[in-house]
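**Q** The structure that follows is given in the form of structure tokens.
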Amino acid sequence: MVYSSTTGGAARMAEVLDRGPGRGRAPRSAVHTHRFAVVRLRENGPNSVLVKSISFQSYPDQVALLTARGEVIREYWHSGHMQRMEVADGDGDGVKEIYLAGISNGYKTATLVVLEPERFAGASVEEAVDYQLQGFAAGRERARILLPRSCFNRRLHEWNSVEDLWVQPGEISVTVSERKAPRAASVLYRFTGELKLKEVILSSNFRAQHAELEAAGVLDHRFTAAEEGELHKVRYLTPGPAQQVAAGGGHR
């Protein structure tokens, strides 16, 4: 199969939408290439093409790895749009990984997914059957991590969302938006190259947002150390590092 970013991706997405559960359906015109990159995954390896496609009117997100001639090597599907994509050697093993950050629709929370370029495949496994993409083997991810929601995000929004993703040798950082208006409040998660959580940092006005919502009667409690601790409880959906709670936390 030869892939075209204007036709092949849309046709493949439409095929998946046509056979998916009811929530997976969307017009073919709503399918678009979202991210595109020419990458060299190994230092002396050939160039490859990484294409990410989404349905703007539904939840599936596809990542396809292609040869330089446009032939599909492998693909991965996720139930939820990934707003950020980076290709980098975060763990320093000499091979670049594919880092995706966005929303998991089935879990209604922000997520970080890491794919190994030589083995990723399938579709994300969902507990919510309405969001399970049909006709695929279980997804092969290096890691799939759910990032927790604050109490005011749960009170005011359907989910939190990823603002930024940075990958550098030995560190992966994800900024998650908990509230955008009238003043933004976010949480920064810092992971090691091996994807162990090492620090959670609240934005400078996170506590102020909580206090304002408490004063307005939207929230019925003060922000406590225990509640801050809940934001450290990232959930690993794939085998990997045991959950670690960074001591103390921080602010920015």
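**Q** Looking at (1) assigned to a loop (DSSP other than H, G, I, E, B); (2) of a type outside the set (Phe, Trp, Tyr); (3) crowded, with 18+ Cβ neighbours inside 10 Å, which is the only condition Gly45 fails?
**A** Of everything listed in (1) assigned to a loop (DSSP other than H, G, I, E, B); (2) of a type outside the set (Phe, Trp, Tyr); (3) crowded, with 18+ Cβ neighbours inside 10 Å, Gly45 misses just condition (3).
**Q** Go through segment 121-173 and report how many residues are charged (D, E, K, R), outside any helix (DSSP H, G or I) and farther than 30 Å from Arg207 by Cα. Before you say what the answer is, go through the steps one by one.
**A** Pass one, segment 121-173, residues charged (D, E, K, R): 126-127, 130, 140-142, 144, 149, 154-155, 158, 163-164, 171.
Right, trim to outside any helix (DSSP H, G or I) and you get 126-127, 140-142, 144, 149, 158, 163-164, 171.
Then drop every residue that is not farther than 30 Å from Arg207 by Cα, which leaves 126-127, 140-142.
Going through segment 121-173 one residue at a time, the tally reaches 5.
**Q** Also, I was wondering about something else. State whether one or more residues within segment 175-188 are closer than 17 Å to Arg142 by Cβ and either assigned to a strand (DSSP E or B) or under 15 Å from the mean Cα position of the chain (by Cα) (or both). Break it down into steps so the answer makes sense when it comes.
**A** Filtering segment 175-188 for residues closer than 17 Å to Arg142 by Cβ gives none.
Scanning segment 175-188, I find no residue that is closer than 17 Å to Arg142 by Cβ and either assigned to a strand (DSSP E or B) or under 15 Å from the mean Cα position of the chain (by Cα) (or both), so the answer is no.
**Q** Looking at segment 198-216, can you tell me whether even one residue there is touching a Cys at 6+ places or on another chain (Cβ under 8 Å) and closer than 21 Å to Tyr107 by Cα? Reasoning before the result, please.
**A** Initially, segment 198-216 is screened for residues touching a Cys at 6+ places or on another chain (Cβ under 8 Å), giving 210.
Keeping just the survivors that are closer than 21 Å to Tyr107 by Cα gives none.
The answer is no, given that none of the residues of segment 198-216 is touching a Cys at 6+ places or on another chain (Cβ under 8 Å) and closer than 21 Å to Tyr107 by Cα.
**Q** Could you look through segment 128-152, keep only residues that are over 20 Å from Arg190 (Cα atoms), in contact with a Lys or Arg (Cβ under 7 Å, 6 or more places away or on another chain) and of a type outside the set (Gly, Ala, Ser), and pick out the one that is surrounded by the fewest Cβ atoms within 10 Å (Cβ to Cβ)?
**A** Of all residues in segment 128-152, those over 20 Å from Arg190 (Cα atoms) come to 128-140, 151-152.
Cutting the leftovers down to in contact with a Lys or Arg (Cβ under 7 Å, 6 or more places away or on another chain) gives us 130-131, 134-135, 140, 152.
Checking which are of a type outside the set (Gly, Ala, Ser) leaves us with 130-131, 134, 140, 152.
Details: Asp130: 14, Tyr131: 21, Gln134: 11, Arg140: 15, Phe152: 20.
Residue satisfying both the conditions and the ranking: Gln134.
**Q** Another question, then. Within segment 121-139, work out how many residues are under 15 Å from the mean Cα position of the chain (by Cα) and either closer than 14 Å to Pro239 by Cα or not acidic (Asp, Glu) (or both). Explain how you work it out, then say what you get.
**A** Kept after step one, since they are under 15 Å from the mean Cα position of the chain (by Cα), are these residues of segment 121-139: 123-126, 139.
Then keep just the ones that are either closer than 14 Å to Pro239 by Cα or not acidic (Asp, Glu) (or both); that gives 123-125, 139.
Total meeting the criteria: 4.
**Q** Test each condition in (1) closer than 15 Å to Arg154 by Cα; (2) in a helix (DSSP H, G or I) for Ala208 and report the one that comes out false.
**A** (1)
**Q** Something else: Step by step: first the residues of segment 81-111, then only those that are among the aliphatic types (A, V, I, L, M) and farther than 19 Å from Ala128 by Cβ, then the one that is surrounded by the fewest Cβ atoms within 10 Å (Cβ to Cβ). Which residue is that?
**A** Here the answer is Val95.
Each reported figure results from applying straightforward, stated rules to the coordinates on display, with no laboratory input. From a predicted model like this one, the values you see are computed outputs, not experimental measurements. Ideal geometry is used to build each Cβ from the backbone, glycine not excepted, and the neighbour counts take in all protein chains shown.
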